[in-house]
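Shown next, in structure tokens, is the structure this report addresses.
The values are calculated or read from the model by the stated rules, or taken from the named source; none is laboratory data. No experiment lies behind these values; they were computed from the predicted model shown. All Cβ positions, glycine included, derive from the backbone under ideal geometry; neighbour counts span all protein chains shown. Just the protein is used for accessible areas: all its heavy atoms, side chains included, with ligands, DNA and RNA removed. Shrake-Rupley method; radii C 1.70, N 1.55, O 1.52, S 1.80 Å.
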Amino acid sequence: MLDAIAEAFSGDRELFKGLWIYNSDYGFEKHPVIRIDMGNIANKTDEALENELSIELMKRVRLEGFSFEYKTPPAIFKTLIEELHIKHGQRVVVLIDEYDKPILDHLDNPDASEANRKVLKSFYGILKSMDPHIRMAFVTGVSKFSKSSIFSEMNNMMDITLTKNTPTSVESK
């Protein structure tokens, strides 16, 4: 699903030929896309998690030709979002797969799970302040946002879990 979303926001209309969206009024405007798969990020310790997040983000920094060298994942993430918006003239799409995996991998070790939760809370906390630069953030995982407290600073998230209910604001639950 995240591949399809990334392609739609990357402006690849022809890829969707024969599908409903191809003939819809969706404009296929090209947006920069940041995609992070937390399933591929080492998380044995909070230090490993921070290091892997930094490495993953710095790959995109170099690919775009940017020249900043921040060390912490939140600082890199924030600057990358801002710089992508400036460079491409379009707001950024952020796609995060398995947002909660670094916590769930350590349910048998509460200290490690909590340490990773703190890293993720700091990392994801950047998204709220970057609202003017973000077109959309789409996050997948198996635990409810409101239960993880990772996104506690954010008040503009919608839970669109596949249920018979219509999407509602996390804050309203």
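Some points to look at:
- Qualifying residue in the range 36-43 (condition: closer than 17 Å to A6 by Cα and among the charged types (D, E, K, R)): yes
- Residue check for D100: acidic (D, E) and closer than 17 Å to F138 by Cα: yes
- Only residues that are touching a helix residue (DSSP H, G or I) at 6+ places or on another chain (Cβ under 6 Å) and open to solvent by 50 Å² or more (accessible area, probe 1.4 Å) were counted in the range 47-59, giving 1.
- Subset of the range 113-145 (residues that are of a type in the set (A, V, I, L, M, F, W, C), closer than 23 Å to F9 by Cβ and assigned to a loop (DSSP other than H, G, I, E, B)): M130
- For the range 89-133, the tally of residues that are loosely packed, with under 15 Cβ neighbours inside 10 Å and in contact with a Gly (Cβ under 7 Å, 6 or more places away or on another chain) stands at 0.
- Across the range 30-44, the qualifying residues are those that are more than 13 Å from the chain's Cα centre (by Cα) and at pLDDT 95 or above, and the one among them that is nearest to S122 (Cα to Cα) is H31.
- Per-region count, the range 51-108, residues over 17 Å from R135 (Cα atoms) and of a type in the set (A, V, I, L, M, F, W, C): 13
- Helices (runs of 4 or more DSSP H) contained entirely in the range 1-112, each with at least 3 residues that are touching a Phe, Trp or Tyr at 6+ places or on another chain (Cβ under 7 Å), of a type outside the set (D, E, K, R) and in contact (Cβ under 8 Å) with a residue 40 or more places away in the chain: 73-88
Yes/no per residue for (1) more than 20 Å from F138 (Cβ to Cβ); (2) among the acidic types (D, E):
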| site | (1), (2) |
| --- | --- |
| E7 | no, yes |
| D12 | no, yes |
| K59 | yes, no |
| E64 | yes, yes |
| A75 | yes, no |
| T79 | yes, no |
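- Qualifying position, being modelled with pLDDT under 95, touching a Pro at 6+ places or on another chain (Cβ under 7 Å) and surrounded by fewer than 16 Cβ atoms within 10 Å (Cβ to Cβ), among M136, M158: M158
- Selection status of I86, modelled with pLDDT of 95 or more, touching a strand residue (DSSP E or B) at 6+ places or on another chain (Cβ under 9 Å) and on the phi < 0 side of the Ramachandran plot: no
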